[in-house]
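S.K.: Got a structure here, written out as C-alpha cells. Questions coming.
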Amino acid sequence: MANVPAAAADNHRTAALVIEFRNVGKIYKSLLGNSVKAVEEFSLMVVEGEILGIAGPNGAGKTTLIAMMLGYLRPTSGTVEINGLPARKHIERNGIGYLSELIAINPKWGAETALVRYATLAGISHAEIPRRVGYVVDLLGLAEHRNKKVKALSKGNLQRLGLAQALLRDEQILVLDEPTHGLDPVWTQRFRDIVQDLRRPDRTILIASHNLDELQRLADRVAIIDRGRLQRVVSTSYESEAPAAATRFRVTLASGHELIRSAFPQAEDAGRGEYDVTVHSIKELNAALAELIRSGALVASVVPERSALEQQFREAVGESQ
C-alpha cells in the first residue's frame, strides 16, 4: 500500500514518532438510523520533522481524519495518538497550530484585534502578545489591513489572517487544511517560502490540499485517501529508477530537431519544436537526453506531463488513463 522508496522509508523509521492513526474508523449515523462510513481501517504514522501531505477527492474523509486528530470527533474504532497520548489530551496540554478549511472569524472584529484575542486564548502571555502578533502581521503582509474589520477583508486577505492565527504560537505541530485556498499567485509562492522556513527537526506539519503541485513541492510524503481508506503513501522525492511505470515528458529543442528520434525513437511531434517522449525511469530519461546533447541538439526544456504525485494520485483513486 505504501509506495515509499527504501531511503525515505529508512529515514521515516529512524525519526521519532509524533502522530499515529491506528486502525481508525468513523461511522456517521443519521436520525433515521442510516450509517455512512467516512473512514475505514486507517493506519498511518507521522514522524518528527516531517511535512506530510494529505490528498484525496471531495468526500474522501480528509476533514473527518483531521477532526479526529484534533479531538473534535471520537473515532468509532481505533485510536489517534500524539506523542503517545490520546490526541485531544495532548492538544489540551500542549496546544497545536491549526488552520481550518473554512475560516470563521467574527466579522465585526478588527484584524489585529482578532489576532490579539486568539493569542490570549492560546495562552500567550500578556507581555508576549504584541511581539507575536507583530511577527505574524509582518510575516503574512497584513500591516495595511490590521485595522480593517474582518468583514472588509478580501478572500485572500482573510486566508492570510487565518494563517496568521495558526502561527501565533511557536507550535511543534501544525495542521493546515487547504492553506492556499483564495491566495493569489504571489502569496501562494510566499506561502511555500513560509512553510520551508517553518521546517525544523522538532516540528511536524500536516497539509491537506487539493493542490497536488503544492504538495509535490512542500511535502516529504503524501497520504492519498479515497472512500475513507488510505490508498497509498507516496514519497515526493525522485529516485534514479523512478517512475517504475511509463511516464511522458515534453522535450523542447532549440535546435537539432532531426536528432530527436535517434535518442527517443517513439517521440511524438507536438509542434513548435516540442516532442512528447515516454520513458520508464529518470535514469532512462537522462541517458537519452545525454545522447541527444552529444549528437549536437540544444535542449531548451524538459517537463513531465504529470508530476510523479499526480500520476500516483490518478492511479490510487481510479482515474489512471
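Quick note: the coordinates plus some simple rules give every number you see, no bench work behind them. What you are looking at is a predicted structure, and each value in this text was computed from that prediction instead of being measured. Note that each Cβ is placed from the backbone with ideal geometry, even for glycine, and that neighbours are counted across all protein chains shown.
S.K.: Assuming a ≥ b ≥ c are the square roots of the Cα gyration tensor eigenvalues, decide whether the chain counts as rounded (a/c under 1.5), prolate (otherwise, with a/b larger than b/c) or oblate.
M.R.: Prolate, because a/c is 1.5 or more and a/b exceeds b/c.
S.K.: Points 7 angstrom from Cα along the Cβ direction at Asn286 and Arg217: gap in nanometres?
M.R.: About 2.4 nm, to one decimal.
S.K.: Please work out how much length the chain gains when fully extended from Asn94 to Arg74, using 0.36 nm per residue of separation minus the C-alpha to C-alpha distance, in nm with one decimal.
M.R.: My answer for the length gained is 5.3 nm.
S.K.: Another question about this same structure. FRET efficiency for Lys29 and Leu85, Cβ-Cβ distance as r, R0 = 22 Å, nearest 0.05?
M.R.: The value I calculate is 0.20.
S.K.: What is the distance in Å between the Cα centres of region 282-299 and region 37-88?
M.R.: Taking the Cα centre of each part, region 282-299 and region 37-88 sit 44 Å apart.
S.K.: According to a simple spin-label model (label point 7 Å from Cα along Cα-to-Cβ), what is the distance in nm between Thr252 and Thr120?
M.R.: A separation of 5.5 nm, rounded to one decimal place.
S.K.: Taking the Cβ of Asn83 as the centre, find all other residues whose Cβ is under 12 Å away and add up their charges (Lys, Arg: +1; Asp, Glu: -1). Working shown, then result.
M.R.: Numbers: positive: Lys89, Arg93; negative: Glu20, Glu48, Glu81, Asp202.
Combined, the nearby Lys, Arg, Asp and Glu give -2.
S.K.: Between Ala127 and Asp193, what FRET efficiency follows from the Cβ-Cβ distance if R0 is 41 Å, with the result rounded to 0.05? Spell out each step's value before the answer.
M.R.: On the way: r = 29 Å, r/R0 = 0.72.
That pair, Ala127 with Asp193, gives E of 0.90.
S.K.: Then there is this: Could you rank the peptides 154-165, 215-226 by their average count of other C-beta atoms within 10 Å per residue, with the highest value first? If you can, show how the numbers build up before the last one.
M.R.: Details: 154-165: 21.0, 215-226: 22.9.
The peptides rank, most packed first, as 215-226, 154-165.
S.K.: Highest mean first, what order results for 195-206, 307-318 on Cβ atoms within 10 Å?
M.R.: Ranked from most to least packed, the peptides come out as 307-318, 195-206.
S.K.: What does the charge add up to near Ala219, with Lys and Arg as +1, Asp and Glu as -1, over the other residues with Cβ less than 13 Å from its Cβ?
M.R.: Details: positive: Arg192, Arg199, Arg217, Arg221; negative: Glu50, Asp213, Glu214, Asp220.
Net local charge, Ala219 excluded: 0.
S.K.: Between Ser154 and Asn106, what length comes free when the chain is fully extended (0.36 nm per residue of separation minus the Cα-Cα distance, one decimal in nm)? Write down the numbers at each step before the final one.
M.R.: Numbers: separation 48, 0.36 × 48 = 17.28 nm, distance 1.46 nm.
Length gained, Ser154 through Asn106: 15.8 nm.
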